[in-house]
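See below for the structure under consideration.
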Amino acid sequence: MLSNYLVKKPWGSEYLIYSNKKLAAWLLEMKFKSKTSLHCHPKKKTGFIIVKGKAKLNLGLVKKTSRVFSPISKITIHPRLFHSIQCVSR
């Protein structure tokens, strides 16, 4: 079902574009140098497609890794993996 739902966040906003029982597509707009909290989804697989700008993906609690992605990069994060994403370009 197409949607028109906006959620404001301290780091920017999330706009729900589409959802059904198995899939939800969100457009994230992030402020420069802002980042999401370090979190995980116990059952959900998450994917990001970097459309504009650069994003730094931080993974893990104990064995931490990070990598910067540019457009058009696709990122998949498996369930139970702690992660955060940060905007590193204007």
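The values are calculated or read from the model by the stated rules, or taken from the named source; none is laboratory data. From a predicted model like this one, the values you see are computed outputs, not experimental measurements. Methodologically, a virtual Cβ is constructed for each residue, glycine included, from the backbone with ideal geometry; neighbour enumeration extends over all protein chains shown. Areas reflect the complete protein model, heavy atoms only, side chains present, ligands, DNA and RNA absent. Shrake-Rupley method; radii C 1.70, N 1.55, O 1.52, S 1.80 Å.
Only one of the listed residues (Pro10, Pro42) is open to solvent by 70 Å² or more (accessible area, probe 1.4 Å) and in contact with a Pro (Cβ under 7 Å, 6 or more places away or on another chain). That residue is Pro42.
Inspect the range 18-38 for any residue being surrounded by 12 or more Cβ atoms within 10 Å (Cβ to Cβ), in a strand (DSSP E or B), touching a residue at least 40 places away in the same chain (Cβ under 8 Å) and hydroxyl-bearing (Ser, Thr, Tyr) and give the result as yes or no. No; the residues of the range 18-38 include none that is surrounded by 12 or more Cβ atoms within 10 Å (Cβ to Cβ), in a strand (DSSP E or B), touching a residue at least 40 places away in the same chain (Cβ under 8 Å) and hydroxyl-bearing (Ser, Thr, Tyr). Phe48 meets all of the listed conditions (1) of a type in the set (A, V, I, L, M, F, W, C); (2) surrounded by fewer than 15 Cβ atoms within 10 Å (Cβ to Cβ); (3) within 11 Å of His83 (Cβ to Cβ) but one, namely (2). Among the residues of the range 57-83, those identified as surrounded by fewer than 16 Cβ atoms within 10 Å (Cβ to Cβ), part of a strand (DSSP E or B) and touching a residue at least 24 places away in the same chain (Cβ under 8 Å) are Ser73, Lys74, Thr76.
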